[in-house]
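Asks: Can you keep this structure in mind? I'll have questions shortly.
What follows is calculated from the coordinates using simple rules that are stated; it is not laboratory data. This is a predicted model, so every value here is computed, not measured. In this analysis, Cβ positions are derived from the backbone assuming ideal geometry, glycine residues included, and neighbour counts consider all displayed protein chains.
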Amino acid sequence: MFSLFRVNVQIAINSIKTQLLRTILTVVIIAIGIWALVGILSAVKAMENSISGSFASMGSNTFNIQRYDFNIQRRGGEREKVNPIISYQNIREFVAIYEYPTTQTSLSFTGTRAAEVKFESEKTDPEVQIYGINEFYLENTGTEIENGRNFTIFDIQNNNKVCIIGSDFLKSLFVNDNPIGKTISIRGVKFKVVGVLESKGSTFGNNQDLKVLIPIQVARGIFTEPNINYTISIMVKEKELLNAAQDEAIVTFRNIRRLSPIEKDNFGIERSDDLINRIASITGYLEVAAWIISIITILGSSIALMNIMLVSVTERTREIGVRKALGAKNATISTQFFIETIVIGQIGSVLGIILGILTGLAFSSFFESEFSLPWIPMIWATIITFVVAIIAGFYPAMKASKLDPIESLRYE
């Protein structure tokens with residue numbers, strides 16, 4: 001039985017070699033369908049890992065008060081409402097009023113995204129991000145210290161000239177050197193390095209490791225541009241109190257903004273879990289699209305595969321007649337064509353899976369996210385191509401097995 005199967009496989013491979021061009025075209029069509037499935041799903045997973053990792057950096061059980069909601073959109077011809085900035089006066093009032101149990105409030109703002117940082121005779125390119133923060137910023141955003149320490153309440157209250165730097169500075173200013181205790185300069189102001197952040201990589205080209213964190217009041221003295229927009233982040237240590245704490249924060253900030261009960265909020269609320277759920281729903285739609293595209297492509301490839309096998313049956317009519325004259329049974333002939341179809345399908349499947357994995361690796365490299373082999377799409381790709389090969393090969397195999405040997409021998 002095994003020897004007969006091996007002979008049929010050898011015959012199928014020899015037949016494929018004699019119809020190389022048509023076989024290559026069919027294999028490519030099948031591979032494109034599998035590539036669409038494995039490649040798109042791998043790319044979607046890479047993007048989801050990158051985006052979810054970025055939004056998860058808000059920290060667990062946290063919500064932000066910021067200028068706009070995450071999903072602000074324009075509706076038809078209606079003009080989008082312009083919300084006022086979250087001003088320094090707003091955050092001062094909020095911190096003074098909001099005292100919900102088990103919460104801690106982080107304050108921050110972006111001073112600049114194009115700073116030049118100097119250390120002794122060395123300096124960086126003008127592309128460093130500078131953030132003004134308070135002592136709760138790291139914990140509320142889920143940011144970890146790799147070396148050194150966080151800011152203390154005394155650093156913030158006393159406006160100490162201290163800073164925490166991103167891990168990329170270890171590759172430029174502090175190569176083979178411990179930065180803790182060293183002094184760097186930003187816009188002519190000297191800061192003592194007290195901590196180094198863990199590496200977070202990049203998200204959509206935004207390098208999260210090339211930044212400097214400084215006390216918020218010190219940052220306000222350096223970056224004096226008008227209309228600076230602040231972000232308020234509240235962490236709730238008891239998860240069951242998260243919704244109540246958020247409702248209390250909304251009421252508090254509405255009062256700070258002097259909004260009447262009938263006026264809509266002129267600020268946005270952003271929760272870490274909501275963002276991740278939105279990303280999951282978006283990637284879910286992309287995964288459905290990947291399945292639809294791949295199924296349509298594979299359906300086209302099955303038709304092409306059936307056609308090539310029908311042509312193969314016609315061209316090899318005389319060969320089939322000879323085999324039948326030598327004693328080959330109908331089942332043997334049909335099995336031979338089935339195996340030939342399956343071999344072509346699996347070659348296309350392997351090629352498509354390889355292209356899909358390479359696509360996933362490329363996207364993971366671009367988004368600097370972790371790559372994991374898409375085992376489920378790969379298994380489904382193998383199953384789908386096997387089923388498609390059986391369906392596409394059924395009619396040609398039956399047609400070949402039912403040919404009359406005498407008529408086949410007369411065929412030219």
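Asks: Among all the lysines, which ones have a C-alpha under 20 Å from Lys45's C-alpha, if same-chain residues fewer than 8 places away are not counted?
Replies: Lys200
Asks: Provide Asp265, Asp155 in ascending order of the number of other Cβ atoms located within 10 Å of each residue's Cβ, fewest first.
Replies: On the way: Asp265 14, Asp155 20.
So the residues, fewest neighbours to most, are Asp265, Asp155.
Asks: Where the only charges are on Cβ atoms (+1 Lys, Arg; -1 Asp, Glu), what is the dipole of the stretch 84-266 about its Cα centre, to the nearest 20 debye?
Replies: Values: 20 positive and 23 negative charges, 106 e Å.
Dipole magnitude for the stretch 84-266 comes out near 500 debye.
Asks: Going through the stretch 134-227, which chymotrypsin sites (Phe, Trp or Tyr not before Pro) have at most 15 other Cβ atoms within 10 Å and a DSSP loop state? Before the final figure, lay out the partial values.
Replies: Working: sites: Phe136, Tyr137, Phe151, Phe154, Phe169, Phe174, Phe191, Phe204, Phe223; in loops: Phe136, Phe151, Phe174, Phe204, Phe223.
Counting only loop positions with at most 15 other Cβ atoms within 10 Å, the chymotrypsin sites (Phe, Trp or Tyr not before Pro) in the stretch 134-227 are Phe204.
Asks: Sticking with this structure for a sec: Which order do the peptides 349-356, 85-92, 176-183 come out in when sorted by mean C-beta neighbours inside 10 angstrom, highest first? The partial results should precede the final answer.
Replies: Values: 349-356: 21.5, 85-92: 16.8, 176-183: 12.6.
The densest-packed peptide leads the list: 349-356, 85-92, 176-183.
Asks: Taking neighbour counts of Cβ atoms within 10 Å as a proxy for exposure, in what order, fewest first, do Thr112, Thr152 appear?
Replies: Values: Thr112 17, Thr152 13.
Lowest to highest Cβ neighbour count: Thr152, Thr112.
Asks: Setting aside same-chain residues fewer than 8 positions from Lys182, which lysines have a Cα under 20 Å from its Cα?
Replies: Filter leaves Lys118, Lys123, Lys161, Lys171, Lys190, Lys192, Lys211.
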